[in-house]
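The values are calculated or read from the model by the stated rules, or taken from the named source; none is laboratory data. None of the values given here were measured: they were computed from a predicted structure. Glycine gets a Cβ as well: all are built from the backbone with ideal geometry, and neighbour counts include every protein chain shown. We work out accessible area using only protein heavy atoms, side chains counted, and drop any ligands, DNA or RNA first. Shrake-Rupley method; radii C 1.70, N 1.55, O 1.52, S 1.80 Å.
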Amino acid sequence: MKLAVISCIHGNYEALDAVLCDIDNQKAEQIYCLGDLVGYGPYPNAVVEMIRSLDIPTCQGCWDEDIVEGLNACECSYPSQLAEKRGHLAHEWTNRVIHPEVREYLASLPMTLRQDNLCFVHGSPNSQHEYLLPTMDGFAALERVLAAEADVLFCGHTHVPYLRELENGTLSVRVQQPGQGETQRQFTAPLKRIVNAGSVGEPRHGRPNATYVLYDTDTTQVTLREVPYDYKKTCAAILEQGLPPIFAWRLERGMEFAERAEDAGHVCER
Amino acid sequence: MPHLIAISGPSGSGKTTWISQFLKHQSTPQYYVCPGLGDLSVDLAHIGYRFPWVQVVPEAQLTAILADLPEQATVYLEWGFHLDLGSPFLAELPWERVAVLPPDLAESDWHGWSDRIVTGNPVAAPANGYLPEIWCTPLNGQVFDPPSLEALLLEVSGGAYGQVGRMKGIFELPDGRAFHVDFVEGLPGMAYTELAIPRWLEGRPDRFSGIEVVGYGLEREAIAQTLLDSTLSDAALAQYQQHYQSLDPAEEALFV
């Protein structure tokens, strides 16, 4: 069975439309969405309506959560003070234009989705705000996959797609309890994988093209897809809607705004 | 008799770099003048910080200083691209005229004006006399959030707020250091140079910092807002300074 996994659409309807066409051409049978449907982009309502109309299983992203709960991501989630101020502007705008039923839908989204040995999350199994960067310590990365009780963990949030294979994961545990001798046990984890779907609407790979992944459950093959689309339409809409023009400039260059903690292990404590 | 040298050329051609090679020598009194921007000249401040033995001459004192120069003095007058080469000020004194020009520039007003030509950076000269705008602002006392500063410099030089051919500035960071930043369109990268001046870790720095942007269609208000959004509040600055003051040198090396 061929799955398509999309993430981080951020109100970019043009990009979503192009990706859905590509998924159709690739003949994927099931689509999963890893959240962040809204924020920064000019069409949050249209994006949510499209996802709902296609009945795409979706988990909640950090932006979706903030629109429901109020902006409360901790400040250390932002890479800079400038990014934080711009994030607040985007939040305020989105919060103002979002339809009540869209907000309700975002509130209803689960944190995690599952299909057999596959787990789907926005950031990590711990939090929508945690980044599983490709450079994350191998032990910590393995812990996240094991915590999800999955063989393949699909995530987004970083806006850069990647496939990470965690092979030969050997864990040694030494236990010494009062009054008892020391015991040592070793566990060997089977191959685990982390698949980051990148971003449909706000890529961070230096080009404006949308990204997503295909996964074949029979062959376990992962394919990272990069889809060109008419990003200039989105840029024009950003300006028309009164969002900061710098959002359009950065979108054109594949420089997204999403929050990105410097410490990959950081978990937002709000 | 004092040696008077006037240097001109397009923005980014390397006038200040050419002058700087002579300012390293401390054997005779040297003066540096850069009229046209009042007290907001980044070059004036940069030369002052970099070569403390050189007397940098504020525009308002120019006439008085020139009237009373020591015999052995050398005066370097950086005549910006935006200033009139036919100015009476240049005609009144016996300036040696040096034009720092891009290698491919075969014909220009500078060719007719100069006594000698020095080959500079391969920058584009203004087309058909259509001069770019200059926007500058002092930033004295402002201290920048480093990643925000990095983002704004990338955006300004990348053309987010107009077509920028040149950008230079002096910026203060929360660890007390100040940096000179230099960008010339067409040359690789952006040069960041830490200034050899004392670290400022007590309140807002009381010394010159500022930015100068040269280009077409500059969105001045947007640049100014981005600069403001990137500067630290009093509370944030106090927190940083307390942190850096508490570090011993060994620990500090880890943060630099």
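Answer yes or no as to whether B:Gly86 is touching a helix residue (DSSP H, G or I) at 6+ places or on another chain (Cβ under 9 Å) and modelled with pLDDT under 90. Here the answer is no, as B:Gly86 does not meet what is asked.
Can you name the strands (runs of 3 or more DSSP E) wholly within region B:171-229 that have at least 3 residues being assigned by TED's automatic domain parsing to the domain that holds B:Ser157 and in contact (Cβ under 8 Å) with a residue 60 or more places away in the chain? Let's see the steps before the verdict.
On the way: elements: B:178-184, B:191-194, B:210-216.
Those strands (runs of 3 or more DSSP E) span B:178-184, B:210-216.
Of the strands (runs of 3 or more DSSP E) lying entirely inside region A:89-198, the ones with 2 or more residues being open to solvent by less than 60 Å² (accessible area, probe 1.4 Å) are found at A:112-115, A:118-121, A:152-155, A:162-166, A:169-175, A:192-196. Residues that are outside any helix (DSSP H, G or I) and in contact with a Lys or Arg (Cβ under 6 Å, 6 or more places away or on another chain): does region B:70-83 have at least one? Among the residues of region B:70-83, at least one is outside any helix (DSSP H, G or I) and in contact with a Lys or Arg (Cβ under 6 Å, 6 or more places away or on another chain), which makes the answer yes. On the given criteria, is B:Ser148 within 14 Å of chain A (Cβ to nearest Cβ), farther than 23 Å from B:Leu37 by Cα and not in a strand (DSSP E or B)? Answer is yes for this residue. Of all residues in region B:184-196, which are surrounded by 15 or more Cβ atoms within 10 Å (Cβ to Cβ) and within 22 Å of B:Phe51 (Cβ to Cβ)? Residues satisfying the conditions are B:Val184, B:Leu195.
Among the residues of region B:87-116, those identified as in a loop (DSSP other than H, G, I, E, B), farther than 16 Å from B:Leu4 by Cβ and in contact (Cβ under 8 Å) with a residue 12 or more places away in the chain are B:Pro102, B:Pro103, B:Asp104, B:Leu105, B:Ser108.
If the requirement is being within 14 Å of chain B (Cβ to nearest Cβ) and out of contact with any helix residue (DSSP H, G or I) (no Cβ under 7 Å at 6 or more places or on another chain), which of these qualifies: A:Gly156, A:Gly87, A:Gly138, A:Gly70?
A:Gly87
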